[in-house]
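The values are calculated or read from the model by the stated rules, or taken from the named source; none is laboratory data. Keep in mind that what you see is a predicted model, and the values were worked out from it rather than measured. Here Cβ is always computed from backbone atoms with ideal geometry, including for glycine, and neighbour counts include all displayed protein chains. When the accessible area is computed, the model is the full protein with side chains, heavy atoms only, and any ligands, DNA or RNA have been set aside. Shrake-Rupley method; radii C 1.70, N 1.55, O 1.52, S 1.80 Å.
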Amino acid sequence: MDRWKRARLRRVLGLRRSTVLLGCFVLGYIVYLVAGGVVFATLEGPVEFQIRSELDLSISKFKLRYPKVSDDDLESLIEEVVRASNRGVSAARNVSSEPNWSFGQSLFFSSTVVTTIGYGHVTPLSKAGKMFCMLYAMLGIPLTLVLLTALVERLMIPTTLFLQFLNSRLGHLYQPFNIRVLHLFIIATCHIGLMVLIPAAVFASLEPGWDYLDSLYYCFISLTTVGLGDYIPGDSPNQPYRPLYKVATTGYLLIGLTFTMLTLTIFYDIPQLNFGVLFLRRSDEATTDPEKVRLQAPGNLGPKYTQQHDQHIPVKMDTPSPEETTPVHARP
């Protein structure tokens, strides 16, 4: 009876502890959102006010130059231009005459839909197009997730071999956790260099009006699937080889998302860095049932397009972990 009471007490205390931690995390998350709102309002408010002042000045000059145009007619024209621009149709004459729904543009739009990037600069105009877009996304998003997960599983084979190589060379000097962190750092550095820094330099050289910071911002926003849509490659006036450029950008996004998933998977495979386990209720009963353990795997709490923790590839099951390959005298 005493043993049962102690086990029950441990379960109750574990539930309370995880609940308190989750409550603190939710409170901290709300504070984080509020802080972000304050910072963005402070940084972007003056810039918006300046742009609005310049726009009001331009409208005033236009009215002085053409006094016969009434305020209502001018306002109606501006509303029509803004409405068309919000739907991806530009009224400027210096924009390339190529339509938004050419094959290259449409392929690029399809990739942004199924990868949930969703820039929003071009949207379906017809009711049939909107209906097809919903059906296309319902099927395409799961297919994209399966594809990216399968690619990550293949890429985990060489990364696991690289982890074993690091462990065989450094296992007698460092703890397994330190080797895993070093492995994550190397993979993340390669990912940032190959998928963010170098492509940003390419976009900065190809896109007129983009400096390196703008290109870096675009790569980060795209590969994190935020997709704000304020910077879109290939939409500058008279862009040469626009369809080919759009297709190449589509390939870049798919490859970049794959390596982003790979980096996140390696991160979540390090138990000490997976803080989601702190918010789970741990009990003796939960940990003795393999099915419950699988369902409670912390990898299921990852961000969008992060591989689930229970989807380990066979090579990881057949090959020893760093703890197993670490020499006995070097183990903690």
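Here are a few things to note about the model shown:
- For segment 54-91, the set of residues classified as surrounded by 10 or more Cβ atoms within 10 Å (Cβ to Cβ), part of a helix (DSSP H, G or I) and hydrophobic (A, V, I, L, M, F, W, C) consists of LEU55, LEU57, ILE59, PHE62, LEU74, LEU77, ILE78, VAL81, VAL82, ALA84, listed by residue number.
- Scanning segment 114-129 for residues being touching a Ser or Thr at 6+ places or on another chain (Cβ under 8 Å) and outside any loop (DSSP other than H, G, I, E, B) gives a total of 1.
- Flag if LEU145 is open to solvent by less than 50 Å² (accessible area, probe 1.4 Å) and either modelled with pLDDT of 90 or more or not in a loop (DSSP other than H, G, I, E, B) (or both): no
- Given (1) modelled with pLDDT under 95; (2) open to solvent by 30 Å² or more (accessible area, probe 1.4 Å); (3) farther than 26 Å from TYR268 by Cα, number of the condition ARG169 does not satisfy: (3)
- Residues of segment 211-260 that are in a loop (DSSP other than H, G, I, E, B), among the polar types (S, T, N, Q) and over 20 Å from GLY104 (Cα atoms): THR224, THR225.
- Of the residues making up segment 233-274, just one is more than 20 Å from LEU216 (Cβ to Cβ) and of a type in the set (Asp, Glu), namely ASP269.
- Hits in segment 92-124 - residues which are under 25 Å from GLU79 (Cα atoms) and either modelled with pLDDT of 85 or more or surrounded by fewer than 11 Cβ atoms within 10 Å (Cβ to Cβ) (or both): ALA92, ARG93, ASN94, SER97, PRO99, GLY118, TYR119, THR123, PRO124
Quick grid of which residues meet (1) touching a Cys at 6+ places or on another chain (Cβ under 6 Å); (2) open to solvent by 70 Å² or more (accessible area, probe 1.4 Å); (3) modelled with pLDDT of 95 or more; (4) not aliphatic (A, V, I, L, M):
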residue: MET195; (1), (2), (3), (4): no, no, yes, no
residue: ASN238; (1), (2), (3), (4): no, yes, no, yes
residue: PRO243; (1), (2), (3), (4): no, no, no, yes
residue: THR258; (1), (2), (3), (4): no, no, yes, yes
